[in-house]
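The values are calculated or read from the model by the stated rules, or taken from the named source; none is laboratory data. No experiment lies behind these values; they were computed from the predicted model shown. Cβ coordinates were reconstructed from backbone atoms using ideal geometry, including for glycine residues, and neighbour counts include every protein chain displayed. Areas reflect the complete protein model, heavy atoms only, side chains present, ligands, DNA and RNA absent. Shrake-Rupley method; radii C 1.70, N 1.55, O 1.52, S 1.80 Å.
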Amino acid sequence: MDQGLRHWSLQRLTAIGLVPLTIWFVFSLAGRRSLGFDVVTTWLHEPLVAAGLLVFCITLLYHSTLGLQSIIEDYVGDGPLKRIGMRFVVLAHLLAGLAAAAGLIRIVMVSA
């Protein structure tokens, strides 16, 4: 499969995956009696909720990475700025993913 088609396919696949994940996330939080710290941490202590939230974050960040890479490929001319931009997008999203995972783990483990 050619790289452009692979990129396009992955972007569409993550978009499709985000639909049920977003619906789950919104309705799951909307069903809480409040969004206070204690309520949300109790909600996050459910293993399926923590796993679902992690999958949601990873999928969202990967989809965002693909989208921003497409923008850079389309609107930034070939050269060092394009390469730096592509690397920055990946690095920034990787760091955001690690921060999200670390925060989720900390909430689940420390607040137990």
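Quick notes on this structure:
- Gain in span if fully extended, residue 101 to residue 54, counting 0.36 nm per residue against the direct Cα distance: 16.2 nm
- Per residue, the accessible area of the chain comes to 69 Å² when a 1.4 Å probe rolls over the protein heavy atoms.
- Farthest toward positive dipole pole in the chain [+1 Lys/Arg, -1 Asp/Glu at C-beta], among 95, 67, 37: 37
- Cβ-Cβ distance of residue 23 and residue 83, R₀ of 35 Å, FRET efficiency by 1/(1 + (r/R0)^6): the value works out to about 0.40.
- Across the stretch 5-108, Cα pairs under 8 Å and at least six residues apart give a relative contact order of 35 percent.
- Helix content alone sets the calculated 222 nm mean residue ellipticity of the chain: runs of n ≥ 4 DSSP H residues at -39500 (n - 2.57) each, divided across all residues, give -30000 deg cm²/dmol.
- Springs join every pair of Cα atoms under 10 Å in this Gaussian network model of the chain, and among 58, 84, 16 the largest mean-square fluctuation is at 84.
- Of the solvent-accessible surface of the chain, computed with a 1.4 Å probe over protein heavy atoms with every protein chain present, carbon and sulfur atoms account for 72 percent.
- With the convex hull of the Cα atoms taken as the outline of the chain, the averaged projected area works out to 8.4 nm².
- Charge dipole magnitude, Cβ of K and R +1, D and E -1 - the chain, Cα centre, debye nearest 20: 120 debye
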